[in-house]
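Enquirer: This is the structure I have questions about; it appears just below.
The values are calculated or read from the model by the stated rules, or taken from the named source; none is laboratory data. This structure is a prediction, so every number in the text was calculated from the model and none was measured. So basically every Cβ, Gly included, is an ideal-geometry build from the backbone, and we count neighbours across all protein chains shown.
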């Protein structure tokens, strides 16, 4: 049985606490579907802009990685991005005009490697945490009550949202790039 045979199971993962395991299963499933959605896309498809206000598929993938990296620094390292990190991730975090101008010309493997590297880093940090940590509360987003569980739910919820945009763009690409 390989990992794909278990993609639809939410269960404990060796080396992680029970609740963190379940969270990772959900994150893994969201990523599996994202990777399936983008499979086989070429540079033109990754860079295509539907209009002057849209984001490219490549930019949306970079946004997924940037959000996860940003939350790693905030939650695990208890700090904001450094100036160097902000420069590196700004286009992916902000999208819009800066994303349209800076995130282009990369092949699919480029984005997949970044997504994989960032996720490996998250999994390494989560291995050091326990279920009680998930429920630790703190002020977030303008002082609203939050906890670590919500933050990591939000990371993959954001991915799912942007994957919907990617699917929408992909459907239109069939007619535009013939």
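Enquirer: Could you tell me whether residue 152 is surrounded by 13 or more Cβ atoms within 10 Å (Cβ to Cβ) and either without any contact (Cβ under 8 Å) to a residue 40 or more places away in the chain or on the phi > 0 side of the Ramachandran plot (or both)?
Expert: Answer is no for this residue.
Enquirer: Cβ-Cβ distance below 6 Å, separation of 6 or more or different chains: which pairs start in the stretch 102-130 with a residue that is closer than 22 Å to residue 12 by Cβ and end on one that is assigned to a loop (DSSP other than H, G, I, E, B)?
Expert: Listed by first residue and then by second, the contacts come to 127/15; 130/17.
Enquirer: Restricting the search to the stretch 86-108, which residues are farther than 23 Å from residue 157 by Cβ and either crowded, with 18+ Cβ neighbours inside 10 Å or in contact with a helix residue (DSSP H, G or I) (Cβ under 9 Å, 6 or more places away or on another chain) (or both)?
Expert: Selection gives 86, 88, 98, 100, 101, 102, 104, 105, 106, 107, 108.
Enquirer: Of the residues that sit in the stretch 126-146 and are surrounded by 14 or more Cβ atoms within 10 Å (Cβ to Cβ) and modelled with pLDDT of 95 or more, which one is farthest from residue 67 (Cα to Cα)?
Expert: 131
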